[in-house]
Structure formats: C-alpha cells, structure tokens
1. Of Phe94, Phe117, which residue is farther than 27 Å from Leu15 by Cα, in contact with a strand residue (DSSP E or B) (Cβ under 9 Å, 6 or more places away or on another chain) and aromatic (Phe, Trp, Tyr)?
2. Can you find a residue that is over 17 Å from the mean Cα position of the chain (by Cα), assigned to a strand (DSSP E or B) and charged (D, E, K, R) anywhere in the stretch 50-73?
3. Regarding the stretch 121-130, can at least one residue be identified that is assigned to a helix (DSSP H, G or I) and over 14 Å from the mean Cα position of the chain (by Cα)?
4. Filter the stretch 90-120 down to the residues that are of a type in the set (Gly, Ala, Ser) and part of a strand (DSSP E or B) and list them by number.
5. Which pairs have Cβ atoms under 6 Å, sit 6 or more apart or on different chains, and link a residue in the stretch 90-105 that is in contact (Cβ under 8 Å) with a residue 12 or more places away in the chain to one that is in a loop (DSSP other than H, G, I, E, B) and crowded, with 17+ Cβ neighbours inside 10 Å?
6. Quick check on Arg85: is it of a type in the set (D, E, K, R) and crowded, with 17+ Cβ neighbours inside 10 Å?
7. All but one of (1) among the acidic types (Asp, Glu); (2) at pLDDT 95 or above; (3) surrounded by 13 or more Cβ atoms within 10 Å (Cβ to Cβ) hold for Asp69, so report the exception by its number.
Amino acid sequence: MNSELDAEFAFRQSLQVRWGDMDALGHVNNARFFTYDETLRLDYFAQLTQTGGRLGQDFGLILARIECDFKAQLHAPATLEIAYRIRKIGRTSFRTESRMVQGDTLIAVVQAALVWFDYAENRAIPVPGPIRDRIMAFERIAPEN
C-alpha cells in the first residue's frame, strides 16, 4: 500500500473492482465509491465497537452527510486499496475520511458525517466513552475533539 497511507491510517483493506462496478463510459461508476466507503465503515466499526449484535439494532450509526472528491478514473479489473479513519469525534457524531488508491495513484477521497443514534428513541445520543476510547487508541493520528 501507499506509504503515505501507511503512516496516517491504521485501518486499510483491498477491494477487487468488479466488472459490474463500471458504467457505460468504461470507468467505475461514481456511486460505487460510496459503496466502497460503506464497506470500510461497517468493517471498521464492527472491529472497534465490540458491541455484539446490538450495534445496528438498538443503537448505531446514521449517515448524515457524504461527499467524494474524484481524483482519477478507475477501470476494472483493478485492486483498490482503501484506507479509513475517524478524523473528528464530536459529542454525538464522527467525521470520517477514506482514501482510495490504485498503486501510487489517488483515485478518490470520501468524507462523511456519522451520527451515533438510538433507534428506539429515534434520536442522536452521545458517543459512548468506551467507543471513543477505542477509536482514540486505535487511530494513528488522534481524531480532533
């Protein structure tokens, strides 16, 4: 993986780009980058939260905002290296970033806002202290508060 990403991101995965990810113009469809980010987001929080089956049932994350800066085209077949991190932890929310590279080429940067959410109460709730502590201990660059 890209050495810059190695220094900044503790959580990384490789994803195979599928032929079905491409659009009529022959490059990966823009919407797929949000799916790639979602894959890393779910894996990241499953690894760090250690909340068992309750995450996503009683409480969990709601995507409030997402945006993508497209830097280069991507064509299948390809292996996309994706690095994911929490940039900021607020009282009830997170700001995230994922960088997607192929070899030494930066393909896309996705940034999102996530809200820690109580599904039964239908409202945002404070990020639990143990979750905050695990994230702070895990990340290579400490998230802003």
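1. Phe117
2. no
3. yes
4. Ser93, Ser98, Ala108, Ala112, Ala113
5. From residues that are in contact (Cβ under 8 Å) with a residue 12 or more places away in the chain, the pairs are Val101/Asn2.
6. Yes; evaluated as a whole, the condition is true for this residue.
7. Result: Asp69 fails condition (3) only.
The rows are residues; the columns are (1) modelled with pLDDT under 95; (2) surrounded by 13 or more Cβ atoms within 10 Å (Cβ to Cβ); (3) of a type in the set (A, V, I, L, M, F, W, C).
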{"position": "Thr92", "(1), (2), (3)": "no, yes, no"}
{"position": "Ser98", "(1), (2), (3)": "no, yes, no"}
{"position": "Val110", "(1), (2), (3)": "no, yes, yes"}
{"position": "Val115", "(1), (2), (3)": "no, yes, yes"}
{"position": "Asn122", "(1), (2), (3)": "yes, no, no"}
{"position": "Ile131", "(1), (2), (3)": "yes, yes, yes"}
{"position": "Glu139", "(1), (2), (3)": "no, yes, no"}
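The values are calculated or read from the model by the stated rules, or taken from the named source; none is laboratory data. The structure displayed is predicted, hence computed values, not measured ones. Quick reminder, even Gly has a Cβ in these numbers, built from the backbone with ideal geometry, and neighbours come from all protein chains shown.
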